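Report on the following structure.
The values are calculated or read from the model by the stated rules, or taken from the named source; none is laboratory data. The model shown is predicted, which means the values in this text are computed figures rather than measured ones. Here the Cβ positions follow ideal geometry from the backbone for every residue, glycine too, while neighbour counts run over all protein chains shown.
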Ligand code: SF4
């Protein structure tokens, strides 16, 4: 039940082979991020060049994707990251994942490198490697249109020219804006001469109890829609978060030299540029904006990272930056972080016009940043240097990356300055793919009035209610890590799941309700709760094989050394000793050794799952 | 005493403005202020109160930089306090 095929495509040899996936393995990892990590653990050669043919690139749909479960149209792309020091993994919405399932496949594992630019075409149970002649060199929008023109109603996950040219933070795009944005999966595609995954499917998915599942799905929809938060996400979207963070003084501004910026980027200003709200497959929330500048977005991340962080305060300009990143196929979080980094280095005199090819970098200069994005995309002049991301640190006279807002080599994903909310800080420090709110953002920390006994019930332990304290904050981080990993295995959107937003959204009992109706299995909540820790430990083992040591679980230097200068959060920073103690407690809770390594028995157990 | 209220969406629409300057009696509590705002702005009721008439979990508040927890609703405000009202949300 619910099963589609898994293909291994060797681009060097030009071969496609279907492999068997046991139910034992499915129940250990389900799908999406989890199964991807299992295959990376087993197939990736430690130390492999992330941009070489030995890297393994996996497109894996969520376990519940394609069956009308609410907000379930998601998939994960995983590989060793060419951007960070660790595992690469990125979750994406849109319409590609259900189409891949209807085409008969739930996962495609890609090895090797094609001798010439290629794309992979999947249709109703067949997988073909085809020439990308006529598609190579197109941006993410042009190429998707070209596939639709030539192949009909297909869905595709593509890289742009940035991916072809191995820009280390090139993303993978499906639709106008849906992105597997983080950790450079577009560059891994480019390194394999792979322009796109294109799917067309007309097949159904076998469900154990279709009527029961339909009824249950309806119940869940009503439950989600009854939350006061849902209509706000569906009408305002994430731009609301910009004004929350900004009012409070927690918006990353000018490479975190400041923490507060202009109200010109508040949601009400963005509203003026919105044509309508749209959605991913099977979504009942529709959090996405179609903007009047011809694209989709902006999200909070764009407002922060190609807005406040580079000193832009004009909504129209920020939306244009957002659209440009989307069209080119560049990760917005990384692009905004690296451009702000270079600008601060220039302002401080650490680099000069000689390093920038004559560019006089200054915050707030829209034309200059638009041009710089194009130069990064084309690897032209100074753009070629910045296309290397944090790998350019020595060239840019910041050899230790003291001015970089990264963890484990990955720029922080979201614009929230975490120096105030200590659980948020611990979350980005310990996240498996580097600084990222989608791995473990313990949002319940900002439900200030959540009664202590409710929190205790959720977390299974008492948690200090002061958000500025590290005391006991390993508990919400550990909880969030686990449930977010489970959500990523299911293929659900975090917006409707417990822990990321309201405590009244979908959680383990609901996941179990969907799984059992869809498969006929009798999974218990207790069993499902073992999945998250399994995924986290698997990622940890992959990272350890790539050289991870305890000192990589840290935060940007500025977060320790520089107190926040403005707003209600003024004066807050991260105390090194308090952070170190919280990290030790986190390791203990996770069952890791004091040096952050995974216990040998656990490694053996996870390597033994087949 | 003078209290300034900064309300973010969706509360600011319900209150008619995102920035309110209010004259309130000495000793008024955080909860007292919210209930007074509900009296004055009926559209704010659905946002501010839950089905039991208690202050809704999704009405998040900070008073002059301090988060208002479940046990802080009875805390008296003081002259010059800045009250921030916002909905707790995550995303990127
Ligand atoms: S809530 Fe937004 S991101 Fe999530 S599935 Fe819906 S449209 Fe996509």
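Of the strands (runs of 3 or more DSSP E) lying entirely inside region A:18-136, those containing at least 2 residues that are within 16 Å of the ligand (Cβ to nearest atom) and touching a residue at least 12 places away in the same chain (Cβ under 8 Å) are A:75-80, A:87-92.
So that you can scan it fast, the table gives a plain yes or no per residue for (1) in a helix (DSSP H, G or I); (2) crowded, with 18+ Cβ neighbours inside 10 Å:
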{"position": "A:285", "(1), (2)": "no, yes"}
{"position": "A:303", "(1), (2)": "yes, yes"}
{"position": "A:312", "(1), (2)": "no, yes"}
{"position": "A:316", "(1), (2)": "yes, no"}
{"position": "A:320", "(1), (2)": "yes, yes"}
{"position": "A:333", "(1), (2)": "yes, yes"}
{"position": "A:339", "(1), (2)": "yes, yes"}
{"position": "A:345", "(1), (2)": "yes, yes"}
{"position": "A:351", "(1), (2)": "no, yes"}
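Restricting the first member to region A:267-284 and to residues that are near the ligand (Cβ under 8 Å from one of its atoms), and the second to residues that are assigned to a strand (DSSP E or B), the beta-carbon pairs closer than 6 Å and six or more apart or on different chains are A:278/A:288; A:278/A:290. For residue B:73, the criteria (1) surrounded by fewer than 21 Cβ atoms within 10 Å (Cβ to Cβ); (2) part of a strand (DSSP E or B); (3) within 11 Å of the chain's Cα centre (by Cα) hold in every case but one, which is (2). When we screen A:153, A:185 for residues that are touching a strand residue (DSSP E or B) at 6+ places or on another chain (Cβ under 9 Å), crowded, with 20+ Cβ neighbours inside 10 Å and not assigned by TED's automatic domain parsing to the domain that holds residue A:517, the only hit is A:185.
When each of A:566, A:583 is tested for being modelled with pLDDT of 95 or more and within 14 Å of chain B (Cβ to nearest Cβ), the lone residue that passes is A:566.
Out of curiosity, is residue A:338 under 30 Å from residue A:221 (Cβ atoms) and either within 16 Å of the ligand (Cβ to nearest atom) or in contact with a strand residue (DSSP E or B) (Cβ under 8 Å, 6 or more places away or on another chain) (or both)? Spell out the reasoning first.
On the way: under 30 Å from residue A:221 (Cβ atoms): no; either within 16 Å of the ligand (Cβ to nearest atom) or in contact with a strand residue (DSSP E or B) (Cβ under 8 Å, 6 or more places away or on another chain) (or both): yes.
Here the answer is no, as residue A:338 does not meet what is asked.
Quick check: is even one residue across region A:537-548 outside the structural domain of residue A:25 (by TED's automatic domain parsing), surrounded by fewer than 19 Cβ atoms within 10 Å (Cβ to Cβ) and over 24 Å from the mean Cα position of the chain (by Cα)? Within region A:537-548, none of the residues are outside the structural domain of residue A:25 (by TED's automatic domain parsing), surrounded by fewer than 19 Cβ atoms within 10 Å (Cβ to Cβ) and over 24 Å from the mean Cα position of the chain (by Cα).
Within region A:371-381, work out how many residues are touching a residue at least 40 places away in the same chain (Cβ under 8 Å) and either touching a helix residue (DSSP H, G or I) at 6+ places or on another chain (Cβ under 6 Å) or not assigned by TED's automatic domain parsing to the domain that holds residue A:318 (or both).
Number of matching residues: 3.
Please verify whether residue A:311 is on the phi > 0 side of the Ramachandran plot, in contact (Cβ under 8 Å) with a residue 24 or more places away in the chain and within 16 Å of the ligand (Cβ to nearest atom), treating the condition exactly as stated. Spelling it out, it is not the case that residue A:311 is on the phi > 0 side of the Ramachandran plot, in contact (Cβ under 8 Å) with a residue 24 or more places away in the chain and within 16 Å of the ligand (Cβ to nearest atom).
Every residue, every condition in (1) at pLDDT 95 or above; (2) farther than 25 Å from residue A:171 by Cβ; (3) assigned by TED's automatic domain parsing to the domain that holds residue A:300, yes or no:
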site: A:336; (1), (2), (3): yes, no, yes
site: A:345; (1), (2), (3): yes, no, yes
site: A:354; (1), (2), (3): yes, yes, yes
site: A:358; (1), (2), (3): yes, yes, yes
site: A:415; (1), (2), (3): yes, no, no
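On the given criteria, is residue A:176 surrounded by 17 or more Cβ atoms within 10 Å (Cβ to Cβ) and within 15 Å of the ligand (Cβ to nearest atom)? Spelling it out, residue A:176 is indeed surrounded by 17 or more Cβ atoms within 10 Å (Cβ to Cβ) and within 15 Å of the ligand (Cβ to nearest atom).
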